Amino acid sequence: MNPRTLFRTVAVAEAVTWAFLLLGMFFKYGTRTSEALVPPAGAVHGFVFLCFVVTTVFVWINQRWSVATGLLGLASAVVPFATVPYEWWLERRGQLARAWRLAPGAEAPRSPLENLQAWVLRSPLAALLVAIAGISVVFTVLLIVGPPGSSS
């Protein structure tokens, strides 16, 4: 999967999970009929949000985005549905490549982050397992801490 397809897929997934979460919140707070959707919607959205953050940083390194472009990408996940227009904006500006710059046989890495990305691209299965484990640990810690606005 190339940077463009990866980023687009995760950006759309992040927006879809926002819709799921907002729907659950509508039933809980708007109609006061059910709060059953909020826990699963919140959990799925939280996990996809973390995946979007990791994907954004990964593509940021590949694309050599400016700090402002990368931070705007991270901020887009906080605003409901903003990841999709952000992806469109990147596409129009030519900021999403169809190839990995540090893939085997391509450019040589020049920094620790680029070395990490080159390893991920050489060992995608191992990297995927490490990423899933890392995101799962962060996700579990956040679940233990509790949802936003909860009091322990």
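Brief remarks follow.
- Every residue from the range 108-136 that is aliphatic (A, V, I, L, M), under 17 Å from the mean Cα position of the chain (by Cα) and open to solvent by 30 Å² or more (accessible area, probe 1.4 Å): 120, 128, 129, 130, 131, 132, 133
- In the range 83-97, residue nearest to residue 51 (Cα to Cα) [restricted to those that are out of contact with any Pro (no Cβ under 8 Å at 6 or more places or on another chain) and in contact (Cβ under 8 Å) with a residue 40 or more places away in the chain]: 83
- Filter result for residue 38 (under 19 Å from residue 139 (Cα atoms), open to solvent by less than 70 Å² (accessible area, probe 1.4 Å) and out of contact with any His (no Cβ under 9 Å at 6 or more places or on another chain)): yes
- Meets criteria (out of contact with any Pro (no Cβ under 8 Å at 6 or more places or on another chain) and under 27 Å from residue 109 (Cβ atoms)) for residue 30: no
- Matching residues in the range 90-107 - criterion: being open to solvent by 80 Å² or more (accessible area, probe 1.4 Å) and either within 21 Å of residue 12 (Cβ to Cβ) or not in a loop (DSSP other than H, G, I, E, B) (or both): 92, 93, 98
- Restricting attention to the range 108-135, the residues being outside any helix (DSSP H, G or I) and hydrophobic (A, V, I, L, M, F, W, C) number 1.
- Number of positions in the range 48-68 that are open to solvent by less than 20 Å² (accessible area, probe 1.4 Å) and either in contact with a strand residue (DSSP E or B) (Cβ under 7 Å, 6 or more places away or on another chain) or in contact (Cβ under 8 Å) with a residue 40 or more places away in the chain (or both): 5
- Taking the criterion of being under 21 Å from residue 117 (Cα atoms) and buried (at least 17 other Cβ atoms within 10 Å of the Cβ), the residues of the range 70-85 that qualify are 70, 73.
The values are calculated or read from the model by the stated rules, or taken from the named source; none is laboratory data. The model shown is predicted, which means the values in this text are computed figures rather than measured ones. All Cβ positions, glycine included, derive from the backbone under ideal geometry; neighbour counts span all protein chains shown. When the accessible area is computed, the model is the full protein with side chains, heavy atoms only, and any ligands, DNA or RNA have been set aside. Shrake-Rupley method; radii C 1.70, N 1.55, O 1.52, S 1.80 Å.
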